[in-house]
Amino acid sequence: MKKFHLSKFIVGGTAAAMIAIAAPAQAIVVSTDTLASSLASTLLGAGAVTITGSTLNGHSTSSGTYTNGTGTYGIGAGILLSTGNVNDYADGANTVVNKTTQFGVAATPGQEILLDPITGGGFDHNDVTQLSITFDVGAATSIFFNAVFGSEEFPEFVNSSFIDGFGMWLNGVNIALFDGQPININHPDMAAVAGTELDGVLDPTGGSGAPVMLFEGAVAANSIGNVLNIIIADTSDDILDSTVYLSGFGTENPGGGTTGGGAQVPEPASFAILGLGLLGFGAARRRRRVS
């Protein structure tokens, strides 16, 4: 358990002053779901994708499905993954600037390997939620996603060690980048956007209120056994939640989002893991800790 960061709560009023409270009623309606197959099928959009397997590593309330009847953030219905309680991130006014659910669970060595390139490297991660999907595709050569990422760490802990982030590793490549940068609270497009309890949302539209990102990843036509790892985590402690909304996973572009892109980053040490073994690798790592 890391030190209780009182400063996060003292400066909370600054964030409150930045965030509009108006939001449409009963737009995003959340249902907790901890069944990997249910999440994977709900996420599935249009196109020739066949899901052949799925696993979920999360917590009692850190994953779920949602509907979005009036279009908060402009994203369609899908799933949400969080480092906290997904039920806190339905639509509504932002009335709590330090929303936190602490599960107090450290990342596994394998999760650290996925998270380090997303959050700057060298930090410990906690309260990870990870959905892994194995799938086959037809003749298509791309898959697509819509996503909205937000965090309670914004704006107080930008450029600190609390770099909460999220990634989507497709066959060993992180396809969740925008303007060539990974998705975390330090991204320059993070902004205060009304709609849910989230203090900050990555908004590539410059504040239009429709902060949907469109991600695309390459797959081989008629390939089988593709692996997608979707992961989100607290960094350096287990306080202040981060959440991602996802929809439209398929081989057809779902539209409705600002195109991401930039250099796609290969998964680090993906082959070394096999040789070293997770336990040995985890013991050998030197990680920077926040006291």
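The values are calculated or read from the model by the stated rules, or taken from the named source; none is laboratory data. The model shown is predicted, which means the values in this text are computed figures rather than measured ones. FYI the Cβ positions are ideal-geometry reconstructions off the backbone, even for glycines, and counts take in every protein chain you see. Note: areas computed on protein heavy atoms with side chains; ligands, DNA, RNA excluded. Shrake-Rupley method; radii C 1.70, N 1.55, O 1.52, S 1.80 Å.
Considering only the other residues whose Cβ falls under 11 Å of the Cβ of residue 188, what net charge follows from Lys and Arg at +1 and Asp and Glu at -1? Each step should come with its number before you reach the end.
Values: positive: none; negative: 179, 189, 203.
Net charge around residue 188: -3.
For the pair segment 134-177 and segment 183-243, the centres of their Cα atoms are 5 angstrom apart.
Normalise the Cα radius of gyration of segment 35-148 by 2.2 N^0.38 Å (N = residues in it) and let me know the number. Don't jump to the answer; show the numbers that get you there.
Numbers: Rg = 15.8 Å, N = 114, 2.2 N^0.38 = 13.3 Å.
Taking the Cα Rg and dividing by 2.2 N^0.38 Å, one obtains 1.19.
In order along segment 154-167, the phi-based Karplus estimate (6.51 cos²θ - 1.76 cosθ + 1.60, θ = phi - 60°) of 3J(HN,Hα) comes to 8, x, 4, 10, 4, 6, 10, 8, 9, 9, 4, x, 9, x Hz; Gly and Pro are listed as x. Stretching residue 252 away from residue 108 to a fully extended chain increases their span by 48.5 nm, per 0.36 nm per residue minus the current alpha-carbon distance. Counting only Cα atoms, segment 88-202 measures 47, 30, 26 Å along its principal axes, largest extent leading.
For segment 78-126, the pair-distance distribution built from all alpha carbon pairs, in bins 10 Å wide starting at 0, is 21, 39, 33, 7 percent.
In a shell of Cβ-Cβ distance under 14 Å around residue 45, excluding residue 45 itself, what net charge do Lys and Arg (+1) and Asp and Glu (-1) give? Walk me through the numbers on the way to the answer.
Values: positive: none; negative: 216, 252.
Once positives and negatives cancel, what remains is -2.
Solvent exposure of residue 51, expressed as accessible area, is near 50 Å², computed with a probe of 1.4 Å over the protein chains only.
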